[in-house]
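Since the structure comes first, as structure tokens, the remarks are kept for the end.
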Amino acid sequence: MVFLQQRLKQRQIPSFRQLALRSQVTPWQVGQLRQGQVHQMRLEPLLRIAQTLDLSLGELLAAAGLADRAPNTTLNPSLNPSPEPSPEPSLDSLRRECDRLQQQLQRQEQDLRQQFQRQSLGQLESWLKNWPKVVYAVENTKPELLAAKVLPLLHPLEELLASWGVATIGSVGEVVAYEPRQHQMLRSGDAVGVAGDAGNGSIAGNGNIAGNLVQIQRPGYRHGSDLLHRAEVKPWQP
């Protein structure tokens, strides 16, 4: 390794540790080079060391005692600076790969759809079991069945919508400040009557001014950050 030591002096590098720092390699890799274990090294650190010493790769290998070896055959294959290029894929092979990927995507889409349906059906299980009985009772035996007894059966639907991130904008009869981005003012004659309201659909002239009090006739819905539709409102008349 006399040649390497002389080269360090010529390049004004005080030590092998400094060689490692300037080459951005580890001292252990420099140690491998000094011990002649180049066949265990990767190409990148060898090239960095050679560049720092202003040597070609062949000169560096010769300095490491490997001048009589054939680097492309005796060294680690990762040291080969010019590997044989892999053949370019043919058009037919590209088409086959494209078809394979499309089929894979279709299978994944189908699996996700089935998984989504199974999860949804699991949440609707109680409704699926009980709703047909309610319909039969109303149509055949108990037409006077109170709605108060039916409404709890719709809770699974509400829970399913909530699990999807669907949120309501207001509730029927609620009085709120008009917000154009969330509320849609009903036209005259379109308003739906709610409890405590005449439901005649009369619209005040300034009802669509932001901040004025309005009464929600139908709630709106959001899906995450997306607006599905705005809540339908009419001016509130105390």
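The values are calculated or read from the model by the stated rules, or taken from the named source; none is laboratory data. What you see is a predicted model, and the numbers here were worked out from it, not measured in a lab. Cβ sites come from the backbone with ideal geometry, for glycine too, and all protein chains shown count toward neighbours.
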Problem - When residues of the stretch 16-41 are limited to those that are surrounded by 13 or more Cβ atoms within 10 Å (Cβ to Cβ) and basic (Lys, Arg), the one modelled with the highest pLDDT - result: ARG22
Fill in the blank from the handout: Log entry, pairs with first residue in the stretch 15-36 being in a helix (DSSP H, G or I), second being charged (D, E, K, R), beta carbons closer than 7 Å, six or more apart or on different chains, reads PHE16/ARG34; SER23/ARG48; PRO27/ARG17
Practice task
Need at least 3 residues that are hydrophobic (A, V, I, L, M, F, W, C) and modelled with pLDDT of 85 or more per element, so show me which strands (runs of 3 or more DSSP E) inside the stretch 78-185 make the cut, counting only ones lying wholly within it.
Solution key: 166-169, 175-177
Problem - Cβ-Cβ under 7 Å pairs, at least 6 apart or on other chains, the stretch 220-238 side closer than 20 Å to GLU159 by Cβ, far side among the charged types (D, E, K, R) - result: GLY220/ARG230; LEU228/ARG222
